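The values are calculated or read from the model by the stated rules, or taken from the named source; none is laboratory data. Everything numeric here is computed off the predicted structure, so don't read it as measured data. Cβ placement follows ideal geometry from the backbone for every residue including glycine, while neighbour counts extend to all protein chains displayed.
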Amino acid sequence: MKKIITNLMPFSLMLSIPVSNFVYCLLNNANRGTHSLVTDFDLGVPFLKVFIVPYLIWYFFIFGTLTYFCFKDKKIYYRTLLSINLGLLIAYTIYFFFQTTVPRPDLVGNDLLTKLIAFVYNVDHPYNAFPSIHVLTSFLMIKAINKYPAKNYLNVTLVYITATLIILATQFIKQHVILDLFSAIVLGGLIFDLLFYVNTEGLRAWLKAPYLWLMMKKRSEV
């Protein structure tokens, strides 16, 4: 029971990601004007419906990888989760002051892949693109697995392949342009490397404080 509680409490910190999604929804509009970052390269990128599969896998990939680190290496877990939240905060700030839009192709067909893309297009407006959150978070998983002391061929290959497919998917289903991709990689790399060289023990202690207080209170009631 003690081991479960020990892992469950840090695990709950992942709720910070879906909570911040409310900010994403508030900013996902053209009310503040929009800019286009479309280049000739983007116009030449083909539209490949099959990449909607890795694009949707992103949701399971990010939380699944974070869960793995939560149970295997708390140091990597805290730094990666903090990197994500800082990255989201910076991305939301950019969206507020520099909102971009991505032109989407007309969808033709009634097959499953087309329906899945139509679903994504309907629930996610063509804004909040620069930088790409899909790319940012996926790249952070690559950075994290590289720093994981117990990395092996299997977990490195799985993370690299999945993250790469998700990053490519942002281009092939026309959710983002190439500048959205590069800006997310640069942002994620800078944040993660900065936190890696910064002592986060104080931050971890601060995050754990409410849980430690709760555990001490329960013990005193026994």
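Considering each residue of the range 33-80, count those that are closer than 21 Å to Ala163 by Cα and of a type in the set (S, T, N, Q), and give that number.
The total comes to 3.
Does at least one position in the range 34-51 carry a residue that is charged (D, E, K, R) and either under 26 Å from Val156 (Cβ atoms) or outside any helix (DSSP H, G or I) (or both)? Even if it seems obvious, please write down each step before you answer.
Going residue by residue through the range 34-51, those that are charged (D, E, K, R) are 40, 42, 49.
Now restrict to residues that are either under 26 Å from Val156 (Cβ atoms) or outside any helix (DSSP H, G or I) (or both): none.
No; the residues of the range 34-51 include none that is charged (D, E, K, R) and either under 26 Å from Val156 (Cβ atoms) or outside any helix (DSSP H, G or I) (or both).
Only one residue in Val108, Val123 is over 25 Å from Gly188 (Cβ atoms), β-branched (Val, Ile, Thr) and loosely packed, with under 13 Cβ neighbours inside 10 Å. Which one?
Working: Val123 fails: over 25 Å from Gly188 (Cβ atoms).
Unique residue meeting the criteria: Val108.
Tell me, which residue of the range 14-35 that is of a type outside the set (A, V, I, L, M) and closer than 22 Å to Leu66 by Cα is farthest from the chain's Cα centre (by Cα)? Walk me through how you get there before you give the answer.
To start, the set of residues in the range 14-35 that are of a type outside the set (A, V, I, L, M) comprises 16, 18, 20-22, 24-25, 28-29, 31-35.
Now narrow it down to the ones that are closer than 22 Å to Leu66 by Cα: 16, 18, 20-22, 24.
Values: Ser16: 12, Pro18: 10, Ser20: 11, Asn21: 11, Phe22: 15, Tyr24: 12 Å.
Only one residue tops the list, namely Phe22.
Show the residue pairs meeting these rules: Cβ distance below 7 Å; 6+ apart or different chains; first residue within the range 155-176 and of a type in the set (Ser, Thr, Tyr); second residue not in a helix (DSSP H, G or I).
Listed pairs, sorted by first residue: Thr170/Ser132; Thr170/His176.
For the range 169-203, which residues satisfy the criterion of being closer than 14 Å to Ser138 by Cα and surrounded by fewer than 18 Cβ atoms within 10 Å (Cβ to Cβ)?
Across the range 169-203, the qualifying residues are Phe182, Val186, Gly189.
Give the residues of the range 17-52 that are surrounded by fewer than 15 Cβ atoms within 10 Å (Cβ to Cβ) and either of a type in the set (S, T, N, Q) or more than 21 Å from Thr100 (Cβ to Cβ) (or both), sorted by residue number.
Pro18, Val19, Asn21, Asn29, Asn31, Ser36, Thr39, Pro46, Leu48, Val50
Check the range 64-76 and report whether any residue there is within 25 Å of Lys49 (Cβ to Cβ), of a type in the set (Lys, Arg), more than 18 Å from the chain's Cα centre (by Cα) and surrounded by fewer than 16 Cβ atoms within 10 Å (Cβ to Cβ).
Narrowing the range 64-76 to residues within 25 Å of Lys49 (Cβ to Cβ): 64.
Right, trim to of a type in the set (Lys, Arg) and you get none.
The answer is no; no qualifying residue exists.
From the list Lys217, Lys151, Lys174, which residue is in a loop (DSSP other than H, G, I, E, B), at pLDDT below 95 and either charged (D, E, K, R) or in contact with a Phe, Trp or Tyr (Cβ under 8 Å, 6 or more places away or on another chain) (or both)? Walk me through it before giving the result.
Working: Lys217 fails: in a loop (DSSP other than H, G, I, E, B); Lys174 fails: at pLDDT below 95.
Lys151 is the lone residue from the list that is in a loop (DSSP other than H, G, I, E, B), at pLDDT below 95 and either charged (D, E, K, R) or in contact with a Phe, Trp or Tyr (Cβ under 8 Å, 6 or more places away or on another chain) (or both).
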